[in-house]
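Colleague: My structure is below; once you've seen it, I'll send some questions.
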Amino acid sequence: MNDALAATWSPGRGLSAWLREVRHTEIGKRFVVTAFLFFAAGGIEAALMRLQLSRPANAMVGPDLYNRLFTTHGSTMMFLFAVPVMQGVGTFIVPLMIGARNLAFPRLSAYSYYVYLVGGLLLYVGFSFRAGPDAGWFAYTPLSGPAFSPGKRMDVWAQMITFTELSALATAVNLVVTIFKLRAPGMSITRMPLLVWAFLVVAFMIIFAMPAVVVASSCLALDRLVGTHFFNHAEGGDHLLWQHMFWFFAHPEVYIIFLPGLGMISAILPAFTRRRVLGYDVVVLATVTTGFVAFGVWVHHMFAAGLPQLGDSYFTASSLIITIPTGLQLFCWLATLWRAPLRFATPLLFVLGFFVTFVVGGLTGVMLAAVPIDLQVHDTMFVVAHLHYVLIGGAVFPLLGGVYYWFPKATGRLLNERAGKLSFWLTLLGFNATFFPLHMLGLHGMPRRVYTYLPGSGWHHLNLFATVASGVLALGVLITFLNVIVSHRRGQRAEANPWQADSLEWAVPSPPPPYNFADIPTVSSRAPLWEEPSARGVVTGLATDQREVVVTTLLDAAPDHRTILAGPSIWPLAAAAVTGVGFIVSMFTPWGLPVAVALGVPVMVGWFWPKGRPTPLHAEQPGTKAA
Amino acid sequence: MSATANNPAAPRSLDVSGLPSHAFGHRAPLWWGVLLMVAIEATTMALLLVSYLYLRGNEDAWRPVRLGWPTLEVAIVQMALLLASVLPTMGAVRAARDGRLKATRARLLLATALGAAMLVLRCFEIRLLPFRWDTDARGSVFWMTFGLHTAHVLTGVLENAMMLVLLYRGRVEEKHFGDVEAGALLWYFSVVEWLPAMALLYFDPLLWPT
Amino acid sequence: MMPASGYALAPAGPQAARLAQVFWAFFAVCAVVYVVVVALLLLGALRPGAAAVDEPARLRLVAAGGVLTALTLVGLLVVSIHGGHQLNPMRGAKDVLTVQVIGRQWWWELRYPGTAPDQEVVTANELHVPVGRPVLLRLVSRDVIHSFWVPELHGKRDLIPGHDSTTYIQADRAGVFRGQCAEFCGTQHAQMGFLVIAEPEEKFQAWLSAQRTPAPPQEALSAEARRGQDLFLHGTCVMCHRVAGTSAGATMGPDLTHVGSRATLAAGSLPNVHDHLRRWVADAQSVKPGSHMPPTPLSAADQDSLVTYLEALR
């Protein structure tokens, strides 16, 4: 541990330091832990739903509770787990992978976490008071509007959206600027790890997609609170406007969740194949292309709404085309691992599990892109099967692989390998056994979002099988949870690079010291830790008594200037509190927003006002004559 | 430790102590942060304008309202004030790049005053608008777009005000001049975004038959 | 026993048949692709080989894979568009039967227009159609978004308030086909089913004529049924239900003029037999909690009479 750097970059002790934390490693861990807690909650909701559906005419869960369960399950998984966990992984890993000491805007990352937490708590406090939303995670109007959803349930939903989207937008801005400007000298944009590319693309997608759901949910909240008519067709509004705006956001959203998973595969494969990923340029182009095309497919969620056929056909084409870049990434990975000396550790197993699982979802996605097929299986259990195959297969499996892969880096201890392998097999088998039957149920006429079904429907046996299988899936996930809890204290200690991996995060001790790198590295290849020692370099000349870092140029990462990063601060928490109060009060009265603005101004002043040791002063100061 | 003939395995060193401690424009992280925030807000505004066009497509349900004296004129004066504020903003940025404190803050003060005047007029316009947000869907879209733009201008004015207090009171750090340029991005955006928005919200109804 | 589900791959009409064809074509291709991908994965992962990697050669294979993917997708696109184009061959046919379908929380109102306003047939949750004739459905929603779906006849179409739409169906064989609402529409979305009963033209016309007749007059009813009618007309039922030929004319709930002739109750949730009808009338909330029908608190004898009356409304 470098004492001078430690003194400068350490956060201090106690609750005050914990609340003022701005280290990306800590904030990243908070995101991931919180997200997995919400994942567990969502899993419990799913278990209750599956229990209710295990028998026809089951009286275990009534319609109102069931509708709240599936709404909360979907909202939790999409808004409180899937995106935040990727925010967390990105927050933790990106600065380490690019050789930086922190994100570009440390306080913004803290704000991002706190405001996410507020959103999550809002949803669950609402749920516990029977004020949780019940109109689906997609909240179609007019069902979600003032006429058919009285009370505050859907207002809770709309504001939860606001908080989680603010959080994601803040993380996105932070990631882009960090990736653009804080890469280690020599890490040109074509030497960046593929996972960093994935986060860069995802950050841009968040920036252009999330405003749509913020606008949509705000318009819904306004319709409900102050009588606007965005979605009131009697006064010129339009229910299809909701659907277009929501899906314009929500389709990129699933790729926002999915692309980091793909990036994690690119990050994990080298260590276990002892090869760099083949076709770096192809993977980068494929990621970027997917990011763009993802914005052009949203109407495939609306094929049953009766839009003009020509438009539908265009969206069939675009929804099919998006398969190509993803397919190319898969082919590159296949080419990477083809006949390589694989080490079948748990991270690699989850990567292989991704292949056999996600591809099923990708292929049912190809089917759903076809309007004729979609018209039959839209809004049925077939789609439930598809979405879980792509999200769990495509994002959660790589994420679990990532957990086993980076846990040693984050905590300094390895997860138990035997438990990991057991967890993998149970998760793989349990998942497929739970969700594959749902394809058949959909084709046999079982719609989504139904709390019960008739005894004569013939849906009983497959539903019962799926419910039992979901227990196996839950057990598999539980084993990983327990593995984390136990190994955190008693796992085998990990060195800096237990996997002999190639990227920069493995150059720092496990867990990383508060300053990450004792010396910022210079980079001359795509696999810095696999370089020859003579090719390695370090940056010197940065101050150790201030949080000084080197800012590099966008494309070539040539050193450009030095800057001071922000240190621990209470203002992110204060800002999140103001945001929280403002938007929660606005559920009840429109005066919430002006109050939030009024409170926000002093908080912003506090946040931005210069304090502590100033950066170099200008020669001319107010009140002096010009030199 | 740098590599030497005796110790070739030691890493080579790259000394950055000679680099400047601040930068302007796209070299600065804050500039990118503001630019991306502008991208978010621009997307939001674009979505509202697209919503306007989408709802306008429901011709049988669309009820345009022609704004006349004095509402339209007050709006045009506001646009003129915003456009007028662009020049002093650009001037402030140029002075900031040259490190001229007095010129920077004087020009920024002028730009901020013009922006504040625009906001005052906007308060009057709010009372002149002949429809409310709950009158019909067109009213809802109008008020939402109007409100979003007002929020952008208000944020810009407040941000400039804070910067002005700093520039007039001290202590002025070198990096604050770069911050002036970054803040100007938000200001330019607030002006430019209102051009298509005004065209749709205020002038498009004039094209509809009464 | 009325069907409680429908199987999209057991088509009974031209549209569902074409949709099933497209499905099977895609399924065949996708199954082959999956097997190939998994085979490649296993072959590549389970046979460690030489350490040297011929990168250019492998990248060429990646490119070939990309081209193959693209070509396959183009083929599938053609299949999809072709399948979608041929979906409504009955457009412009001469003998189209028009039915208005009004989706409401949580039941289906069906109106068959006649030659004059008083010839209109109004029923609920049971769509009778003649075999072999195209049926044009005018889809309207009175409240939230619903979706009309009969898997064995056609894909689904949403009923969106403010966006009335039309779709065609056609049954090519006689039978009873299950339909279900397929867009989450609130508390009882799960129990918003309906039946499509396809019968030969003569039977259909007979049914239609019978549906046009008003309820049997007082004299035609048994004593018990007359008691039931009394309870009906002087109780809460008339606040929501209509029985043509009586003073009950409310349209909030389903038209009950011929409720006795229907195969199911509560939007396809219960067979229309005595005990179920009794239970439904006495306490609808125990069948469909959250639905808009309140319980009817009556003595057991009164309930019997009321049910006898409803059964007489054939």
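The values are calculated or read from the model by the stated rules, or taken from the named source; none is laboratory data. For clarity, every value in this text was computed on a predicted model and none was experimentally measured. Quick reminder, even Gly has a Cβ in these numbers, built from the backbone with ideal geometry, and neighbours come from all protein chains shown. Accessible surface is based on the protein model in full, side chains and every heavy atom, while ligands, DNA and RNA are left aside. Shrake-Rupley method; radii C 1.70, N 1.55, O 1.52, S 1.80 Å.
Results for (1) surrounded by fewer than 24 Cβ atoms within 10 Å (Cβ to Cβ); (2) among the small types (Gly, Ala, Ser); (3) more than 25 Å from A:ILE256 (Cβ to Cβ), shown as yes or no for each residue.
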{"position": "A:ALA340", "(1), (2), (3)": "yes, yes, yes"}
{"position": "A:ARG343", "(1), (2), (3)": "yes, no, yes"}
{"position": "A:PRO372", "(1), (2), (3)": "no, no, yes"}
{"position": "A:VAL396", "(1), (2), (3)": "no, no, no"}
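Colleague: Would you please name the residue that is most open to solvent (accessible area, probe 1.4 Å), looking only at residues in the range C:277-314 that are closer than 20 Å to C:MET252 by Cβ and polar (S, T, N, Q)?
Modeller: Looking at the filtered set, the residue picked out is C:GLN285.
Colleague: While we're looking at this one, here's another question. Tell me, yes or no, whether the range C:17-36 has at least one residue that is more than 10 Å from chain A (Cβ to nearest Cβ), among the small types (Gly, Ala, Ser) and assigned to a loop (DSSP other than H, G, I, E, B).
Modeller: no
Colleague: Based on this model, can you work out whether A:LEU400 counts as of a type in the set (A, V, I, L, M), assigned to a helix (DSSP H, G or I) and surrounded by fewer than 24 Cβ atoms within 10 Å (Cβ to Cβ)? Spell out the reasoning first.
Modeller: On the way: of a type in the set (A, V, I, L, M): yes; assigned to a helix (DSSP H, G or I): yes; surrounded by fewer than 24 Cβ atoms within 10 Å (Cβ to Cβ): no.
When the stated conditions are applied, A:LEU400 does not pass them.
Colleague: For the range B:125-161, which residues satisfy the criterion of being β-branched (Val, Ile, Thr), within 10 Å of another protein chain (Cβ to nearest Cβ) and free of Cβ contacts under 8 Å to residues at least 60 places away in the same chain?
Modeller: Those that are β-branched (Val, Ile, Thr), within 10 Å of another protein chain (Cβ to nearest Cβ) and free of Cβ contacts under 8 Å to residues at least 60 places away in the same chain: B:THR135, B:THR155.
Colleague: Shifting gears a bit: So for the range A:169-183 (the condition being assigned to a loop (DSSP other than H, G, I, E, B) and either open to solvent by less than 10 Å² (accessible area, probe 1.4 Å) or at the interface with another protein chain (Cβ under 10 Å from one of its Cβ atoms) (or both)), does at least one residue qualify?
Modeller: Yes, because at least one residue in the range A:169-183 is assigned to a loop (DSSP other than H, G, I, E, B) and either open to solvent by less than 10 Å² (accessible area, probe 1.4 Å) or at the interface with another protein chain (Cβ under 10 Å from one of its Cβ atoms) (or both).
Colleague: Filter the range A:541-552 down to the residues that are in contact (Cβ under 8 Å) with a residue 40 or more places away in the chain and in a loop (DSSP other than H, G, I, E, B), then identify the one that is surrounded by the fewest Cβ atoms within 10 Å (Cβ to Cβ).
Modeller: To start, the set of residues in the range A:541-552 that are in contact (Cβ under 8 Å) with a residue 40 or more places away in the chain comprises A:544-547, A:549-552.
Narrowing the set further to residues that are in a loop (DSSP other than H, G, I, E, B) leaves A:544-547.
Values: A:THR544: 15, A:ASP545: 10, A:GLN546: 16, A:ARG547: 20.
Ranking the candidates gives A:ASP545 first.
Colleague: Output the number of the condition that B:ALA80 fails; it satisfies all remaining conditions of (1) of a type in the set (A, V, I, L, M, F, W, C); (2) buried (at least 17 other Cβ atoms within 10 Å of the Cβ); (3) away from chain A (no Cβ under 12 Å).
Modeller: Checking B:ALA80 against (1) of a type in the set (A, V, I, L, M, F, W, C); (2) buried (at least 17 other Cβ atoms within 10 Å of the Cβ); (3) away from chain A (no Cβ under 12 Å), the one that fails is (2).
Colleague: Shifting gears a bit: When only residues in the range C:1-14 that are surrounded by 15 or more Cβ atoms within 10 Å (Cβ to Cβ) and within 9 Å of another protein chain (Cβ to nearest Cβ) count, which is farthest from C:LEU68 (Cα to Cα)?
Modeller: My answer is C:MET2.
Colleague: Let me confirm something: among A:TRP530, A:TRP609, A:TRP591, which residue is under 30 Å from the mean Cα position of the chain (by Cα) and surrounded by fewer than 20 Cβ atoms within 10 Å (Cβ to Cβ)?
Modeller: Numbers: A:TRP609 fails: under 30 Å from the mean Cα position of the chain (by Cα); A:TRP591 fails: under 30 Å from the mean Cα position of the chain (by Cα).
Among A:TRP530, A:TRP609, A:TRP591, only A:TRP530 is under 30 Å from the mean Cα position of the chain (by Cα) and surrounded by fewer than 20 Cβ atoms within 10 Å (Cβ to Cβ).
Colleague: State whether one or more residues within the range C:58-66 are free of Cβ contacts under 8 Å to residues at least 60 places away in the same chain and surrounded by fewer than 13 Cβ atoms within 10 Å (Cβ to Cβ).
Modeller: yes
Colleague: Would you confirm, using the coordinates I've provided, whether A:LYS421 is basic (Lys, Arg), over 30 Å from C:GLN21 (Cβ atoms) and under 24 Å from the mean Cα position of the chain (by Cα)?
Modeller: On the way: basic (Lys, Arg): yes; over 30 Å from C:GLN21 (Cβ atoms): yes; under 24 Å from the mean Cα position of the chain (by Cα): no.
Judged against the criteria, A:LYS421 is not a match.
Colleague: Can we say A:SER487 is polar (S, T, N, Q), touching a strand residue (DSSP E or B) at 6+ places or on another chain (Cβ under 9 Å), more than 9 Å from chain C (Cβ to nearest Cβ) and assigned to a helix (DSSP H, G or I)?
Modeller: Yes; evaluated as a whole, the condition is true for this residue.
Colleague: So how many residues does the range A:242-257 have that are more than 10 Å from every other protein chain (Cβ to nearest Cβ) and open to solvent by 10 Å² or more (accessible area, probe 1.4 Å)?
Modeller: Result for the range A:242-257: 4.
So that you can scan it fast, the table gives a plain yes or no per residue for (1) open to solvent by 10 Å² or more (accessible area, probe 1.4 Å); (2) touching a residue at least 40 places away in the same chain (Cβ under 8 Å); (3) farther than 30 Å from A:ALA566 by Cα:
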position: A:ALA35; (1), (2), (3): no, yes, no
position: A:VAL61; (1), (2), (3): no, yes, yes
position: A:ASP64; (1), (2), (3): yes, yes, yes
position: A:GLY99; (1), (2), (3): no, yes, no
position: A:VAL118; (1), (2), (3): yes, yes, no
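Colleague: Also: Just to be sure I understand, how many residues within the range A:328-357 are within 8 Å of chain C (Cβ to nearest Cβ), within 21 Å of A:PRO498 (Cβ to Cβ), part of a helix (DSSP H, G or I) and touching a residue at least 24 places away in the same chain (Cβ under 8 Å)?
Modeller: 1
Colleague: I've got another one for you. Looking at the range A:516-540 only, could you name the residues that are without any contact (Cβ under 8 Å) to a residue 24 or more places away in the chain, part of a loop (DSSP other than H, G, I, E, B) and in contact with a Lys or Arg (Cβ under 9 Å, 6 or more places away or on another chain)?
Modeller: If the condition is that a residue be without any contact (Cβ under 8 Å) to a residue 24 or more places away in the chain, part of a loop (DSSP other than H, G, I, E, B) and in contact with a Lys or Arg (Cβ under 9 Å, 6 or more places away or on another chain), then A:ARG536 is the only one that fits.
Colleague: A further question on this structure: State all residues of the range A:298-327 that are more than 7 Å from chain C (Cβ to nearest Cβ) and at pLDDT below 95; if no residue qualifies, say none.
Modeller: A:LEU307, A:PRO308, A:LEU310, A:GLY311, A:ASP312
Colleague: Condition check: touching a strand residue (DSSP E or B) at 6+ places or on another chain (Cβ under 8 Å), away from every other protein chain (no Cβ under 14 Å) and crowded, with 17+ Cβ neighbours inside 10 Å. Does A:ALA494 satisfy that?
Modeller: yes
Quick grid of which residues meet (1) part of a loop (DSSP other than H, G, I, E, B); (2) surrounded by fewer than 18 Cβ atoms within 10 Å (Cβ to Cβ):
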position	(1), (2)
C:ALA225	no, no
C:GLN229	no, no
C:LEU233	no, yes
C:ALA244	yes, no
C:ASP255	yes, no
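Colleague: State whether the residues of the range A:267-285 include one that is within 28 Å of A:GLY74 (Cα to Cα), modelled with pLDDT of 95 or more and in a helix (DSSP H, G or I).
Modeller: Within the range A:267-285, none of the residues are within 28 Å of A:GLY74 (Cα to Cα), modelled with pLDDT of 95 or more and in a helix (DSSP H, G or I).
Colleague: Somewhere in the range A:187-204, is a residue under 22 Å from A:LEU259 (Cβ atoms), in a loop (DSSP other than H, G, I, E, B), in contact with a strand residue (DSSP E or B) (Cβ under 7 Å, 6 or more places away or on another chain) and open to solvent by less than 10 Å² (accessible area, probe 1.4 Å)?
Modeller: No, the range A:187-204 contains no residue that is under 22 Å from A:LEU259 (Cβ atoms), in a loop (DSSP other than H, G, I, E, B), in contact with a strand residue (DSSP E or B) (Cβ under 7 Å, 6 or more places away or on another chain) and open to solvent by less than 10 Å² (accessible area, probe 1.4 Å).
Quick grid of which residues meet (1) farther than 21 Å from C:LEU195 by Cβ; (2) of a type in the set (Gly, Ala, Ser):
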| residue | (1), (2) |
| --- | --- |
| C:CYS237 | yes, no |
| C:HIS241 | no, no |
| C:ALA248 | yes, yes |
| C:GLY253 | no, yes |
| C:SER269 | no, yes |
| C:SER299 | yes, yes |
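Colleague: Restricting to the range C:163-193, give me the number of residues that are in a strand (DSSP E or B) and surrounded by 24 or more Cβ atoms within 10 Å (Cβ to Cβ).
Modeller: So the count comes out to 7.
Colleague: C:VAL140 versus (1) outside any strand (DSSP E or B); (2) within 14 Å of chain A (Cβ to nearest Cβ); (3) open to solvent by 10 Å² or more (accessible area, probe 1.4 Å): which is the lone unmet condition?
Modeller: Failed condition: (1).
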